[in-house]
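The values are calculated or read from the model by the stated rules, or taken from the named source; none is laboratory data. Since the model is a prediction, treat every value here as computed from it, not as a measurement. Glycine gets a Cβ as well: all are built from the backbone with ideal geometry, and neighbour counts include every protein chain shown.
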């Protein structure tokens with residue numbers, strides 16, 4: 001049975017699209033790593049409201065803080081906030097090479113196509129470029145645009161031409177890809193002209209805002225985690241701002257009452273942020289520790305070592321791209337299961353009043369393992385409980401890391417045979 005599973009996973013990883021996806025993620029790992037370190041420096045250390053910046057009173061002794069944060073923030077904006085666009089370029093390049101039809105023009109057209117799809121001026125008749133479409137949240141869309149571009153050039157283009165000939169002889173794939181992008185551009189323009197995107201997401205927000213409860217918090221966690229696994233963490237990534245009124249009511253209640261049950265114990269702020277975000281979605285701090293404990297893959301261990309600091313502060317994109325995790329069936333079960341288990345245990349204990357509700361706001365970049373401790377006002381029991389959950393999450397990830405070791409071993413053998 002185990003051999004069949006390993007063989008199935010190996011075949012999946014060697015399928016053409018997954019090869020393109022994995023190669024693209026590994027190429028972009030350093031970009032995500034740089035952006036994550038820039039985010040930590042800007043938002044956690046140099047930010048007066050950041051976890052470290054607040055502790056060291058950064059704004060009291062560092063001059064020109066605004067300027068320093070701005071230029072550091074530009075690194076994060078130039079990396080993480082354009083990651084989907086970079087994904088389109090790399091994906092087009094890799095897919096063209098896999099199909100043995102490399103073309104510099106394919107990479108250029110992938111960028112043009114992606115920008116064309118999401119570049120709109122129809123709303124309010126103003127020149128507006130919504131940069132949210134270029135961020136890491138839309139990573140999988142960039143991959144798909146690049147892959148389709150590379151595939152079209154492989155099927156309809158002419159390979160092994162000089163750079164000048166490449167441009168002149170590949171009008172057919174060029175025209176087809178731009179045409180497809182323009183059709184999507186028109187459809188999305190219609191969608192945005194009538195503000196259908198705003199109506200949909202405001203409706204979802206209004207619905208969820210009226211029903212703050214345990215089951216809704218669990219559903220939000222599952223949706224957010226699954227969307228991240230497929231490479232999309234965009235508009236459906238629910239924010240705790242949706243439930244700000246409930247969180248504020250909880251805080252006011254605690255400040256005005258010495259004891260008693262808060263009015264909204266199961267908000268995403270008290271559940272998701274407290275127990276399902278230890279290292280970001282999927283409890284990735286548990287995965288990193290499991291990798292460092294038993295992984296036999298040298299590259300995976302290096303990725304884990306480089307990613308442990310960003311993941312500790314909640315920036316998990318380096319690990320997601322470096323392993324890689326997007327559409328990785330090996331880690332699908334624990335990636336979704338660990339937050340569910342954490343939320344289930346925590347919800348039961350909260351209902352039985354065995355652990356306090358997290359009501360106090362936490363600073364930007366507060367490590368997920370410390371959020372229950374800080375958010376409960378420094379309750380030491382919550383710190384011990386967080387460590388217990390982390391150990392449980394590590395145990396859940398361990399067998400899947402072992403499975404990844406087996407798949408990596410077979411992939412290496414296949415690669416060695418191909419080189420021979």
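Taken over the stretch 268-284, the criterion of being over 13 Å from residue 338 (Cα atoms) and part of a loop (DSSP other than H, G, I, E, B) is satisfied by 268, 269, 270, 271.
Checked against the criterion of being in a helix (DSSP H, G or I), under 29 Å from residue 47 (Cβ atoms) and free of Cβ contacts under 8 Å to residues at least 60 places away in the same chain, the candidates 287, 319, 337 yield just one match: 319. Considering only residues that are more than 15 Å from residue 281 (Cα to Cα) and crowded, with 21+ Cβ neighbours inside 10 Å, which ones fall in the stretch 296-322? Answer for the stretch 296-322, where residues must be more than 15 Å from residue 281 (Cα to Cα) and crowded, with 21+ Cβ neighbours inside 10 Å: 303, 304, 322.
For the stretch 340-359, the set of residues classified as in contact (Cβ under 8 Å) with a residue 60 or more places away in the chain and crowded, with 18+ Cβ neighbours inside 10 Å consists of 342, 343, 346, 347, 350, 357, 358, 359, listed by residue number.
Table: residues versus (1) more than 26 Å from residue 368 (Cα to Cα); (2) surrounded by fewer than 19 Cβ atoms within 10 Å (Cβ to Cβ).
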site: 20; (1), (2): yes, no
site: 31; (1), (2): no, no
site: 42; (1), (2): no, no
site: 48; (1), (2): no, yes
site: 53; (1), (2): no, no
site: 64; (1), (2): yes, yes
site: 76; (1), (2): no, no
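Tally up the residues in the stretch 330-380 that are touching a strand residue (DSSP E or B) at 6+ places or on another chain (Cβ under 6 Å) and on the phi > 0 side of the Ramachandran plot, please. Adding up the residues that qualify gives 1.
For the stretch 251-263, a residue qualifies if it is at pLDDT 75 or above and either closer than 12 Å to residue 358 by Cα or loosely packed, with under 13 Cβ neighbours inside 10 Å (or both), and the qualifying residues are 251, 254, 255, 256, 261, 262.
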